[in-house]
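A short write-up of the structure that comes next.
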Amino acid sequence: MAMSKISQFVNGWAGEIVRVNGEIEKLTVLMRSMSRASDPIKDSAENVRYLRDMARETPFSLIALSEGFVRLKATGIDPMNGSMQAFADAVAGVGGSDVKLERVTLAISQMAGKGVIQMEELRQQLGEALPRATELMARSMGVSYAQLVKEVSTGRVMAGPAIEALRLELER
């Protein structure tokens, strides 16, 4: 009987509270280790607060948001400048899930990491999670879809400016 009560506690609402608090604690430590600010404790607290607010306002879990946040930050994209919000809003706008948000942030981080846009990330990863992503990127850069595809195939589309242009287009 005692084991049953313990199991109910661990698997019930109290266990969920403990798991969420554990995730927030891990996230705080991770944010502190990634921080380059003069006060990493304050910086990590602001990042965690930002992610908790996003988890309340978007249809995504705190875990999915934090993984995307870390991916973007690790590849030099500042998630706090509106990038994370723009990508989350875009995925939510197409009825996306945590998995689709993960695909988008993975595609964006891979593009940023390589320094150039490649069709694999643009069409397969980003395009599958965000329909019309290639079209939106082309429009944000002031070129046609066909022109963007041609430029990407030659390896001449720099990731940084293209991702920033896409972010601004998604915000619009």
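The values are calculated or read from the model by the stated rules, or taken from the named source; none is laboratory data. Keep in mind that what you see is a predicted model, and the values were worked out from it rather than measured. Please note: Cβ atoms are built from the backbone with ideal geometry, for glycine as well, and neighbour counts cover all protein chains shown. Accessible surface is based on the protein model in full, side chains and every heavy atom, while ligands, DNA and RNA are left aside. Shrake-Rupley method; radii C 1.70, N 1.55, O 1.52, S 1.80 Å.
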Cα extents of the chain along the three principal axes, largest first (Å): 68, 39, 26
Surface accessible to a 1.4 Å probe, per residue, for the residues of the range 109-171, Å²: 49
Amide H within-cut-off set for Val116, under 5 Å, with H built and near neighbours excluded: Ala159
Around Arg103: net Lys/Arg minus Asp/Glu count, Cβ-Cβ under 13 Å: -3
Carbon plus sulfur fraction of accessible area for the chain, probe 1.4 Å, in percent: 56
FRET efficiency estimate (nearest 0.05) - Cβ-Cβ, Asp39 to Glu135, R0 41 angstrom: 0.45
Distance in nm between pseudo-label sites at Thr28 and Ser61 (7 Å out along the Cβ direction from Cα): 2.1
Unsatisfied cross-links (Cα-Cα over 20 Å) in the set Lys42/Lys73; Lys73/Lys114; Lys73/Lys100; Lys114/Lys150; Lys26/Lys73: none
Nitroxide proxy distance, nm - points 7 Å out along Cα→Cβ at Asp98 and Arg172: 3.4
Difference of contour (0.36 nm per residue) and Cα-Cα distance, Ser4 to Asp89: 26.4 nm
Span-rule helices in the chain, defined as complete DSSP H runs reaching 20 Å or more along the axis (Cα) with Kyte mean at least -1.0: 13-34, 98-114
Where labels lie 7 Å past Cα in the beta-carbon direction, separation of Val143 and Lys114 in nm: 1.5
